[in-house]
Amino acid sequence: MHISIDKRFPTLRNNTYFNSGSYGALSEDVRDAYNEYLSDREQHGAYWPVWMKKYEDVRGEIAALLGVTSSEITIGSSLSQCLNALVSALQFDGDRNRIIVTDFDFPTTAQIWHAQKQRGADIVRVPATADGKTILLEEFEKVIDDRTMLVSIPHVCYRNGSMLDISAIAKIARKHEALVYVDAYQSVGTRVLDAGQLAVDFLSGGFTKYLLGSTGTAFLYTRQALAQQLVPTQSGWFAQADVDAMAIGDNQPAPDARRFESGTPCIPSFYAASAGLGIIREIGLEYIQRRIESLTGEILARAEAAHYTVSTPVDPGTYGPLIALESNNMHRLVNLLGEEQIITSCRDRNIRISTHFYNSSDDVERLFDVLARHSKLLVRC
Ligand SMILES: Cc1ncc(COP(=O)(O)O)c(C=O)c1O
């Protein structure tokens, strides 16, 4: 490890933090970045030239992270905002009006797609296996056809950590000339993710979780040709070809993915996003991925040895940074762990243990020692 974890992440001094899938641990860097924003405001009042540069710098940093170009990146205040703008550019009145969603969707993506029913969209949901652990490729094959406009998939399921094979699903979609949208919020920052190589059309995420920034900044990647071709009906002055034009005679969308933006961006959050990304770059995604794989491997081994029921698929390559253990009283278990400064979260009868590079084998040991004391709240297999 290249950095002193305790110094950089004060939260980790007194807490065993397994909740990055909800909110990444606060770093000194992000705290300093927010202080810098406040002192910039204090000193300069409105500091727009610097803020606009930060805006574009963050765009460039996201593009570099995903291996794409800045002109393919939309910055928004939430993933939902970005997705809504994209969706507003789609037409559902033709024969190709089918949108594929999955049992693993985060609520916001599913809800946004369902909202398009009133515009003519036909929404089809791909089911998970009976044990709820994964979604088989053959289920995608069954529903993707020539009526499919777009397949919307989460890379890693926020409930149980299951990771879908994006490339394989994208291949099925391409056979039918369907578009592919990936919600990568639960994976970006935890592994090498090259949007170009994945050959998907859209990919989105944000800075609240593993990218270690803050709420207020999210992004959408749109493949160049589509960013030039799709015209959203959601717009605003920051979505214009020339933000300074202040034109009220027409809507002139930007020639690139900026056209999916809207109003004044969340400037303070850019300071945090840039600081969070700085840490990710410093540690390196290859290292982060290896570290997370090692920690999740340790968690799975400990769970298996203790006969706890794991709700995450266990084959290598089928899960992300989050491991879910089945509980018969998840809220009580999360609270009891919290009383001992072990921070986890829960969903769907599972406690969610989400790992990041700043976790250690000691953290895993501590967690399982405390779980052993409360093992009646876990479902045994
Ligand atoms: C997979 C996934 N998608 C989307 C979101 C939230 O997106 P938004 O930025 O719209 O709140 C989350 C947040 O927990 C998430 O885990």
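For segment 21-111, the equivalent ellipsoid derived from the alpha-carbon gyration tensor has semi-axes of 34, 18, 13 Å in decreasing order. Using only alpha-carbon positions in segment 31-280, the gyration tensor eigenvalues give semi-axes of 32, 22, 14 Å once each is multiplied by 5 and square-rooted (largest first). Rounded to 0.05, the FRET efficiency of the Asp250 and Ala64 pair, given R0 = 25 Å and the Cβ-Cβ distance, is 0.15. Between the beta carbons of Asp131 and Glu28, assuming R0 = 35 Å, the FRET efficiency works out to 0.25 to the nearest 0.05.
Packing, as the average of other Cβ atoms within 10 Å across residues, places the peptides 190-201, 152-163 in the order 152-163, 190-201, highest first. Net length available on complete extension from Arg332 to Val314 is 3.9 nm, with 0.36 nm assigned per residue and the Cα-Cα distance removed. The per residue volume of the convex hull around the alpha-carbon atoms of segment 228-337 is 222 Å³. Ordering Val30, Val151 from the fewest to the most neighbouring beta carbons within 10 Å gives Val30, Val151. Take every DSSP beta bridge whose two residues both sit in the chain; close to 55 percent of them are antiparallel. Oblate is the label for segment 82-149, because the ratio a/c of its alpha-carbon gyration tensor axes (a ≥ b ≥ c) is 1.5 or higher and a/b is not greater than b/c. Using R0 = 30 Å, the C-beta based FRET efficiency linking Asn35 and Thr108 works out to 0.45.
Sequence neighbours fewer than 8 away in the same chain don't count; with that in mind, list the lysines whose C-alpha is under 25 Å from Lys171. Cα-Cα hits under 25 Å: Lys133, Lys142.
Multiplying the residue separation of Glu56 and Ala199 by 0.36 nm and removing their Cα-Cα distance gives an extension gain of 49.0 nm. About the centre of its Cα atoms, segment 69-185 shows a dipole size close to 140 debye [charges on the beta carbon of Lys, Arg (+1) and Asp, Glu (-1) only; nearest 20 debye]. Helical content alone sets the calculated 222 nm signal of the chain at -11500 deg cm²/dmol, taking -39,500 (n - 2.57) per DSSP H segment of four or more residues and averaging over every residue. Computed about the Cα centre, the dipole magnitude for segment 31-280 is approximately 320 debye when only Lys and Arg (+1) and Asp and Glu (-1) carry charge, each at its Cβ. Neighbour counts of other Cβ atoms within 10 Å put Cys346, Cys381, Cys82 in the fewest-to-most order Cys381, Cys346, Cys82.
Mean separation of Cα pairs under 8 Å and 6+ residues apart, divided by the residue count of the chain: what relative contact order is that in percent? Intermediate results must be reported in sequence, preceding the final value.
Details: 742 pairs, mean separation 83.0, N = 381.
Value for the chain: 22 percent.
Extending 7 Å from Cα along the Cβ direction at Gln118 and again at Ser88 yields two label points whose distance is 1.5 nm.
Full extension of the chain segment joining Asp145 with Glu339 gains 64.8 nm, where the gain is 0.36 nm per residue of separation less the Cα-Cα distance. Ranked by how many other Cβ atoms sit within 10 Å of their own Cβ, fewest first, the residues Glu141, Glu61 fall in the order Glu141, Glu61.
Each reported figure results from applying straightforward, stated rules to the coordinates on display, with no laboratory input. As the structure is a computational prediction, the values presented were derived from the model and not from experiment. We place every Cβ from the backbone using ideal geometry, glycine too, and count neighbours over all the protein chains shown.
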